[in-house]
Protein chains: 2
Amino acid sequence: MTVSGNCHKIRTALILLDQQFEWIEVDTRKGETKTSEFLKINPNGKIPVLQLEDGTNIPESNAILYYLTRDTPLFSKDLLEQTRILEWLFFEQYSHEPFVAVNRWLMKYAADGRENSSVLENNHIKGNKAFSVMEDHLRGKNFFVGERLTIADIALYAYSHVAEDGGFSFDGFPNVRRWLENVRSFPKMISIPR
Amino acid sequence: MTVSGNCHKIRTALILLDQQFEWIEVDTRKGETKTSEFLKINPNGKIPVLQLEDGTNIPESNAILYYLTRDTPLFSKDLLEQTRILEWLFFEQYSHEPFVAVNRWLMKYAADGRENSSVLENNHIKGNKAFSVMEDHLRGKNFFVGERLTIADIALYAYSHVAEDGGFSFDGFPNVRRWLENVRSFPKMISIPR
């Protein structure tokens with residue numbers, strides 16, 4: 001789904017790697033991830049799924065990023081750097097996406113989403129906590145790991161660069177804002193249409 | 001913290017790998033992950049953290065599992081198998097832990113946790129959804145990936161084997177129950193004290 005940050009990660013990696021791909025739009029808002037046909041592709045009923053030419057299906061956006069980039073400069077050959085990249089991928093899925101992505105969803109796409117004020121407020125606090133951890137880490141840095149663009153940046157960029165749609169502001173996070181502009185200006189980098 | 005599933009993963013991997021380690025107990029219930037001293041170790045204020053002899057700190061339980069096992073039989077040398085293992089690690093952190101671990105926390109450890117009935121009910125539904133995905137995957141299988149014990153099993157075992165403390169039952173999930181018994185009987189495998 002084009003407006004999904006998790007799907008945006010995969011499109012970004014494929015474009016940066018100059019790989020050919022076919023994009024099949026699946027809309028969660030129309031229940032298209034819950035059909036029996038889709039559940040054969042991913043029993044967990046979530047997008048994105050990477051389908052290989054031999055029919056293999058790979059779900060989980062951050063596992064797909066690993067699959068596509070393990071042997072490229074977007075990952076690393078060094079064990080500690082690899083671990084740091086994975087650290088940020090797990091941080092993204094546990095401490096960032098459930099709050100930053102969900103508030104964007106509620107405020108921009110969900111029917112009656114803005115009525116969930118206690119959920120929005122709680123997610124706002126936790127999303128800002130994630131941005132605060134990112135802010136401290138990015139002091140004096142241009143990228144998350146190894147001072148070059150890796151899938152750690154691609155994963156965190158996905159929902160961060162559209163976080164304002166979920167009511168977040170980067171006024172208090174100048175390092176995050178600088179990093180976002182830095183990633184945005186990377187050759188061939190793409191944004192989610194807004 | 002001994003009763004934490006995320007910490008249990010690390011202890012399990014270290015024991016299975018015959019690695020020497022020192023266990024430093026940090027109790028979230030006493031606010032010990034929010035002190036300025038601890039935040040220097042992990043700015044995200046979470047346990048576990050793996051501290052290397054040179055002072056390097058590695059947070060995020062599933063990233064630590066990767067660091068400890070990348071070059072051992074508990075991971076894999078094959079790209080697709082590696083990706084499948086990571087898939088289940090991301091599944092664990094996004095679709096399993098936030099519901100299965102949190103309900104155990106609320107029912108067994110948190111003051112007044114049992115009063116959060118709407119949270120408990122929602123997490124119960126989502127936790128059972130995770131067990132249902134695991135149940136289907138484990139049909140005819142003894143382990144999650146490659147028919148041998150990997151960190152995918154270690155990560156999913158951590159909170160699954162104590163899920164009954166959070167009100168979950170495996171009566172409807174015979175494959176998950178068989179897998180739990182299978183993992184439990186693995187040489188040197190440990191359980192969380194109850």
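The values are calculated or read from the model by the stated rules, or taken from the named source; none is laboratory data. Because the structure is a prediction, the values reported are computed rather than measured. Quick reminder, even Gly has a Cβ in these numbers, built from the backbone with ideal geometry, and neighbours come from all protein chains shown. Remember, those area values only see protein heavy atoms, side chains included, never the ligands or the DNA or RNA. Shrake-Rupley method; radii C 1.70, N 1.55, O 1.52, S 1.80 Å.
With +1 on each Lys and Arg Cβ and -1 on each Asp and Glu Cβ, and nothing else charged, work out how big the dipole of the protein assembly as shown is about its Cα centre, in Debye to the nearest 20.
So the magnitude is around 280 debye.
How far, in nm to one decimal, is B:GLU53 from itself in the other copies if the label point is set 7 angstrom along Cα toward Cβ? Shortest first, please.
When each copy's label point is compared with this one, the spacings are 4.8 nm.
Where only protein heavy atoms count, and the probe is 1.4 Å, what is the accessible area per residue for segment A:5-70 in Å²?
50
For segment B:1-76 and segment B:78-141, what is the separation of their Cα centres, given in Å?
Centre-to-centre distance over Cα atoms comes out at 20 Å.
Label-to-label distances across copies for A:SER132, with labels 7 Å out along Cα→Cβ, in nm, shortest first?
3.7
Running a GNM on chain B with Cα contacts under 10 Å, which residue among B:SER117, B:SER95, B:SER61 ends up with the highest mean-square fluctuation?
Sorting by GNM fluctuation, first place goes to B:SER117.
Just in segment A:126-168: which trypsin sites (Lys or Arg not before Pro) are loop by DSSP and have at most 16 other Cβ atoms within 10 Å?
Counting only loop positions with at most 16 other Cβ atoms within 10 Å, the trypsin sites (Lys or Arg not before Pro) in segment A:126-168 are A:ARG139, A:LYS141, A:ARG148.
Subtract the Cα-Cα distance of B:THR35 and B:ASN122 from 0.36 nm times their separation in residues, and report this length gain in nm to one decimal.
28.2 nm
So which residue, out of A:GLN20, A:GLN93, A:GLN51, gets the largest mean-square fluctuation from a GNM of chain A using Cα contacts under 10 Å as springs?
The residue with the greatest mean-square fluctuation here is A:GLN20.
At a 1.4 Å probe radius, carbon and sulfur cover how many percent of the accessible area of segment A:5-70?
Solvent-exposed carbon and sulfur of segment A:5-70 make up 47 percent of the total.
Place a label point 7 angstrom from the Cα of A:THR56 along the Cα-to-Cβ direction, then list the residues of segment A:17-33 whose backbone nitrogen is under 20 Å away.
So the set is A:17-24.
Which of the residue pairs B:LYS40/B:LYS77; A:LYS40/B:LYS108; B:LYS9/B:LYS188; A:LYS77/B:LYS77 have a Cα-Cα distance greater than 25 Å in the structure shown?
B:LYS40/B:LYS77; A:LYS40/B:LYS108
Go ahead and set up a Gaussian network model of chain B, Cα springs under 10 Å, then flag whichever of B:GLY113, B:GLY31, B:GLY167 fluctuates most.
Residue with maximal mean-square fluctuation among B:GLY113, B:GLY31, B:GLY167: B:GLY31.
Straight-line reach from B:LYS46: which aspartates and glutamates fall under 15 Å, measuring Cα to Cα and dropping same-chain residues less than 8 apart?
A:GLU87, A:GLU92, B:GLU25, B:ASP27, B:GLU32, B:GLU37, B:GLU60, B:GLU97
Got the A:PHE143 label distances to the other copies yet, label 7 Å along Cα→Cβ, in nm, shortest first?
Result for A:PHE143, in nm, nearest copy first: 3.4.
I'd like the GluC sites (Glu not before Pro) in segment A:5-105 restricted to DSSP loop residues with at most 14 other Cβ atoms within 10 Å, sorted by number.
Here the GluC sites (Glu not before Pro) that fit, given the DSSP loop and packing criteria, are A:GLU22, A:GLU25, A:GLU53.
With a point put 7 Å past each Cα toward its Cβ, work out how far B:ARG178 is from A:GLN20 in nm, to one decimal.
Rounded to a tenth, the inter-label distance reads 4.3 nm.
Under the definition of Cα pairs under 8 Å and six or more residues apart, what whole-number percent is the relative contact order of chain A?
25 percent.
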